[in-house]
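Colleague: Before I ask anything, here is the structure I am working with.
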DNA sequence: GCCGTTTTCGGCCCGACTGTTTTCAGTCG
């Protein structure tokens, strides 16, 4: 069983953590982290690259030494360097780094002086007042660490994007009402439209005397003020979400927005370009010597380092800077490009609105078509349709279409893919449909090869069009089922099938990386809401977010096509 | 440990805040 890229990245990151605790050269530590990033962003498996004789040291951030170490990891599953370190430092020690306020230096002191190597011992020692006797620690630090260890724990808490929006919107409105405040925007991973956010980064530009920070900490949902200075403050809201506020003057707004939007890796890469040009880039602007030469807008900042504007969703240091330099940035798909929705439910199965209501709501949103794709019979809990009920629904849709204006209802079904890869309804009824959306709702735990073959077998059915929520993951609740996405995408391409980017906030499936893989392999995507109510039709933008993070352009999207083109694309052979 | 339109050696992104300190280390983003 070859070692996967994610495992290699994990070992490299782990090595970086231990090297850091050991007090190694910080740049050496960074080298391991950078290499781990490269590895986890690779579109192909290291094992296959090595097998093909590729030179790993040609990859960014990987030189002779790490290429050899990575080869060893892929071959053996181990890195001897890490094994050696773990002989004298307990393996659990690195987890202490997850406690806010504890970094490598303090973890080292805790281990060397008090023998602390896990959370329980840390909490016990803090309670006994033993931390305050250590150099660099005192009563206040001890109290902070104890509280952090007890409340935040080791688990990293992440908030789904849709939920973060509901928290951010009222706070932004509140801050915008402050005297002297000009602009308020949520930057960070929220602006990059990551599927989850760890915290909210809010940027405010204002006049010098505006009471932005004071008003921020006075917000009614603030439970705790972690830090507060003249230009920066951190609070914890009652729901546990951390919010950082940064205040900058208007002349710095663009530079600050770029800086606080990140990602960190993207920022570092851009800053290196600035350094190479003899400039300095920070959150206040681009400087030549002491003189600020840009900073008011992001476009200005990019221009000064010789780059066109790069959309926030692309700022991951995954090739966007090179693409920008070559003038090859994608023209990302936008919500306005979409002409319809290809996965929705009605009251016939588990939806809450009738077909007519769904069609009217879709038309209100500017759509020119909507596919009704109720569940098939196997999904009994959703009152799935058998062939007979589906046939009646098709008649109903025909009658509706006969007098509907401005929108066309497509006859579809979300057909269950059975354990053996067969579809849940016979060809006789599938033949009558405009669109077949296939999905897995059972047997999530099949081994990788079997699960992949199961789906490919379903795609062998000439009626199959779109694979819905292809990995089945529920963010923070259920892991994706184990499939070989590369193989699946190639099979879809060969068969004229498509994959869905599902907009449900707890699915967001495909994710951005998979969207990009689909584009590279040449498989078009359907950006679909999987709506179970008329209001759900507004979720479409979350699928657009995922697609944009995956470099998807309008031409890569099935439902960015006019109806006639779409119908052609849905006809297989 | 990586890397090269100043460099194969000597750099490596940069600033704010806290808490510990008497001028700064550690952490964070």
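The values are calculated or read from the model by the stated rules, or taken from the named source; none is laboratory data. Note that the structure is predicted; figures quoted are calculated from it, not measured. Cβ sites come from the backbone with ideal geometry, for glycine too, and all protein chains shown count toward neighbours.
Colleague: Read through the list (1) within 11 Å of DNA strand B (Cβ to nearest atom); (2) out of contact with any helix residue (DSSP H, G or I) (no Cβ under 6 Å at 6 or more places or on another chain), then give the number of the only condition that residue A:21 fails.
Modeller: (2) is the only condition that residue A:21 fails.
Colleague: Hey, residue A:194 hits all of (1) surrounded by fewer than 13 Cβ atoms within 10 Å (Cβ to Cβ); (2) within 16 Å of DNA strand B (Cβ to nearest atom); (3) outside any helix (DSSP H, G or I) but one; which does it fall short on?
Modeller: For residue A:194, the failing item is (1).
Colleague: Looking at segment A:27-41, I want the residues that are free of Cβ contacts under 8 Å to residues at least 24 places away in the same chain and have a partner that is within 8 Å of DNA strand B (Cβ to nearest atom) with Cβ atoms under 9 Å, at least 6 apart or on another chain. Which pairs are those?
Modeller: A:29/A:104; A:33/A:61
Colleague: Out of the residues in segment A:205-237 that are within 14 Å of DNA strand B (Cβ to nearest atom) and assigned to a helix (DSSP H, G or I), which is farthest from residue A:192 (Cα to Cα)?
Modeller: A:214
Colleague: Is it fair to say residue A:104 is touching a residue at least 60 places away in the same chain (Cβ under 8 Å), more than 30 Å from residue A:505 (Cβ to Cβ) and within 13 Å of DNA strand B (Cβ to nearest atom)?
Modeller: Taking the combined requirement at face value, the residue satisfies it.
Colleague: Report whether or not residue A:51 is over 30 Å from residue A:522 (Cα atoms) and loosely packed, with under 12 Cβ neighbours inside 10 Å.
Modeller: Considered against the rule, which asks whether it is over 30 Å from residue A:522 (Cα atoms) and loosely packed, with under 12 Cβ neighbours inside 10 Å, residue A:51 comes out as no.
Colleague: For segment A:366-393, which positions are crowded, with 17+ Cβ neighbours inside 10 Å, within 30 Å of the chain's Cα centre (by Cα) and within 20 Å of residue A:404 (Cβ to Cβ)?
Modeller: A:367, A:369, A:370, A:371, A:372, A:373, A:374
Colleague: Out of segment A:197-212, which residues are surrounded by fewer than 21 Cβ atoms within 10 Å (Cβ to Cβ) and closer than 26 Å to residue A:506 by Cβ?
Modeller: A:198, A:199 - these are the residues of segment A:197-212 that are surrounded by fewer than 21 Cβ atoms within 10 Å (Cβ to Cβ) and closer than 26 Å to residue A:506 by Cβ.
Colleague: Going by the conditions given, is residue A:274 assigned by TED's automatic domain parsing to the domain that holds residue A:309, modelled with pLDDT of 90 or more and surrounded by 14 or more Cβ atoms within 10 Å (Cβ to Cβ)?
Modeller: No, not satisfied.
Colleague: So which residues in segment A:293-312 are within 13 Å of DNA strand B (Cβ to nearest atom) and either at pLDDT below 85 or buried (at least 16 other Cβ atoms within 10 Å of the Cβ) (or both), if there are any at all?
Modeller: The answer is A:295, A:305.
Colleague: May I pose another question? Take the conditions more than 16 Å from DNA strand B (Cβ to nearest atom), under 30 Å from the mean Cα position of the chain (by Cα) and modelled with pLDDT of 85 or more and apply them to residue A:165. Does it pass?
Modeller: yes
Colleague: Does any residue of segment A:128-143 turn out to be surrounded by 13 or more Cβ atoms within 10 Å (Cβ to Cβ) and in contact (Cβ under 8 Å) with a residue 40 or more places away in the chain?
Modeller: Yes, segment A:128-143 has at least one match.
Colleague: Still on this structure: So for segment A:284-292 (the condition being in contact (Cβ under 8 Å) with a residue 24 or more places away in the chain, away from DNA strand B (no atom under 16 Å from the Cβ) and on the phi < 0 side of the Ramachandran plot), does at least one residue qualify?
Modeller: no
Colleague: Test residue A:180 against the stated conditions and say whether it is within 11 Å of DNA strand B (Cβ to nearest atom) and on the phi > 0 side of the Ramachandran plot.
Modeller: Against the criterion (within 11 Å of DNA strand B (Cβ to nearest atom) and on the phi > 0 side of the Ramachandran plot), residue A:180 does not qualify.
Colleague: If you scan segment A:137-151, which residues turn out to be within 35 Å of the chain's Cα centre (by Cα), near DNA strand B (Cβ under 9 Å from one of its atoms) and within 18 Å of residue A:104 (Cβ to Cβ)?
Modeller: The answer is A:141, A:144, A:148.
Colleague: Taking segment A:50-85, which residues are more than 16 Å from DNA strand B (Cβ to nearest atom) and part of a helix (DSSP H, G or I)?
Modeller: A:51, A:75, A:76
Colleague: Residues A:134, A:97, A:110: which one is under 32 Å from the mean Cα position of the chain (by Cα) and outside the structural domain of residue A:238 (by TED's automatic domain parsing)?
Modeller: A:97
Colleague: Still on this structure, I have one more. Which residues, taken from segment A:169-191, are without any contact (Cβ under 8 Å) to a residue 40 or more places away in the chain, closer than 24 Å to residue A:311 by Cα and not in a helix (DSSP H, G or I)?
Modeller: Residues satisfying the conditions are A:184, A:186.
Colleague: While we're here: Among the numbered criteria (1) surrounded by 14 or more Cβ atoms within 10 Å (Cβ to Cβ); (2) without any contact (Cβ under 8 Å) to a residue 40 or more places away in the chain; (3) more than 27 Å from the chain's Cα centre (by Cα), which one does residue A:19 miss?
Modeller: Exception for residue A:19: condition (2).
Colleague: I would also like to ask the following. Do you know which of the residues in segment A:238-273 that are part of a loop (DSSP other than H, G, I, E, B) and away from DNA strand B (no atom under 11 Å from the Cβ) is nearest to the chain's Cα centre (by Cα)?
Modeller: Result: A:241.
Colleague: Identify the single condition in (1) within 13 Å of DNA strand B (Cβ to nearest atom); (2) buried (at least 16 other Cβ atoms within 10 Å of the Cβ); (3) under 26 Å from residue A:218 (Cα atoms); (4) touching a residue at least 24 places away in the same chain (Cβ under 8 Å) that residue A:157 does not satisfy, given that it satisfies every other one.
Modeller: The single condition residue A:157 does not satisfy is (2).
Colleague: Could you check, for segment A:327-345, whether at least one of its residues is within 12 Å of DNA strand B (Cβ to nearest atom), more than 28 Å from residue A:537 (Cα to Cα) and crowded, with 18+ Cβ neighbours inside 10 Å?
Modeller: No, because not a single residue in segment A:327-345 is within 12 Å of DNA strand B (Cβ to nearest atom), more than 28 Å from residue A:537 (Cα to Cα) and crowded, with 18+ Cβ neighbours inside 10 Å.
Colleague: A follow-up question, please. Just checking, how many residues over segment A:274-283 are within 6 Å of DNA strand B (Cβ to nearest atom) and in contact (Cβ under 8 Å) with a residue 12 or more places away in the chain?
Modeller: So the count comes out to 1.
Colleague: Here's something else I'd like to know. Among the residues of segment A:400-449, how many are exposed (fewer than 14 other Cβ atoms within 10 Å of the Cβ) and either under 19 Å from residue A:340 (Cβ atoms) or without any contact (Cβ under 8 Å) to a residue 12 or more places away in the chain (or both)?
Modeller: Looking only at that region, the number is 4.
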